[in-house]
Amino acid sequence: MASEKPRRETFPFGIAGVDLATVARQVPAEEPPPLPPNAALRIIGKPVPRLDARAKVTGSARFTVDVKLPGILEARILRSPYPHARILAIDTGAAKRHPEVRAIHVFGQDSGEARRRDGAAKPDTRTVLYAGVAIVAVAATSRAAAEAALRRIVVTYQPLPFVVDMEAARKPGAPLVFVGAVDQAETGGGGGAAAGLAQSGNVRGPQTESAFGGTRGDIDRGFQEAEIVVAGEYR
């Protein structure tokens, strides 16, 4: 069945209070009718009070952290103060003896699912790769008890050399993030790299194959054939 013929509608055009006028246009027959200027609308362009505004301002709004169920536990995490270090020992004995502690979990340092190319699940389970990485988690009957238990945990670190500047990390002889070559799986937000890429120090690649098959093109030829080349460094 053929669609209906377009119809002609008049729309507001311009800036309200400055040069607002109208303009006529052809629109599909099924197109909704045009909206009038904001001044003639009841909701659009008008301030609308947030439903939760009063509750948030007065502090009466309840969030997940405010929910206290019978038997609920509070968890706290001990994190590394070092950006790069080897963990020599973790002593959780005193924390386990705290009367309010119900569970203690020691994390494995797999650093984002990076896997050694020899098939091992973790490049080095005793190495800290960034400041703030989780080392031990404690669950207790109260927040104060969980924090007190964290203070009883003794972690012995051997600080290792590190760099935090990208250019310094690319230089020959820079401290290595991973001792050996690793493959990192892609994440939901992207990232990761194709398996088997060449690696020199902390630098991987270049990746010459496209993820969709074929090569990624000839960069040198592209520059030679370009009418204009704009070069810059952005940080």
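Miscellaneous remarks
- Residue selected from region 27-40 under the condition surrounded by 10 or more Cβ atoms within 10 Å (Cβ to Cβ) and touching a strand residue (DSSP E or B) at 6+ places or on another chain (Cβ under 6 Å), by the criterion nearest to Arg8 (Cα to Cα): Val27
- Looking across region 46-76 at every residue that is open to solvent by 70 Å² or more (accessible area, probe 1.4 Å) and not in a loop (DSSP other than H, G, I, E, B), the one that is modelled with the lowest pLDDT is identified as Val65.
- Residue selected from region 143-175 under the condition among the charged types (D, E, K, R) and assigned to a helix (DSSP H, G or I), by the criterion nearest to Asp66 (Cα to Cα): Arg143
- Taken over region 1-16, the criterion of being out of contact with any strand residue (DSSP E or B) (no Cβ under 9 Å at 6 or more places or on another chain) and modelled with pLDDT of 85 or more is satisfied by Lys5, Ile15.
- Region 203-235, subset modelled with pLDDT of 75 or more and on the phi > 0 side of the Ramachandran plot, residue most open to solvent (accessible area, probe 1.4 Å): Gly217
- Scanning region 155-167 for residues that are among the β-branched types (Val, Ile, Thr) and open to solvent by 80 Å² or more (accessible area, probe 1.4 Å) gives a single hit, Val164.
- Ile43 surrounded by 12 or more Cβ atoms within 10 Å (Cβ to Cβ) and either in a loop (DSSP other than H, G, I, E, B) or at pLDDT 90 or above (or both): no
The values are calculated or read from the model by the stated rules, or taken from the named source; none is laboratory data. From a predicted model like this one, the values you see are computed outputs, not experimental measurements. Here Cβ is always computed from backbone atoms with ideal geometry, including for glycine, and neighbour counts include all displayed protein chains. Accessible surface areas use protein heavy atoms only, side chains included; no ligands, DNA or RNA. Shrake-Rupley method; radii C 1.70, N 1.55, O 1.52, S 1.80 Å.
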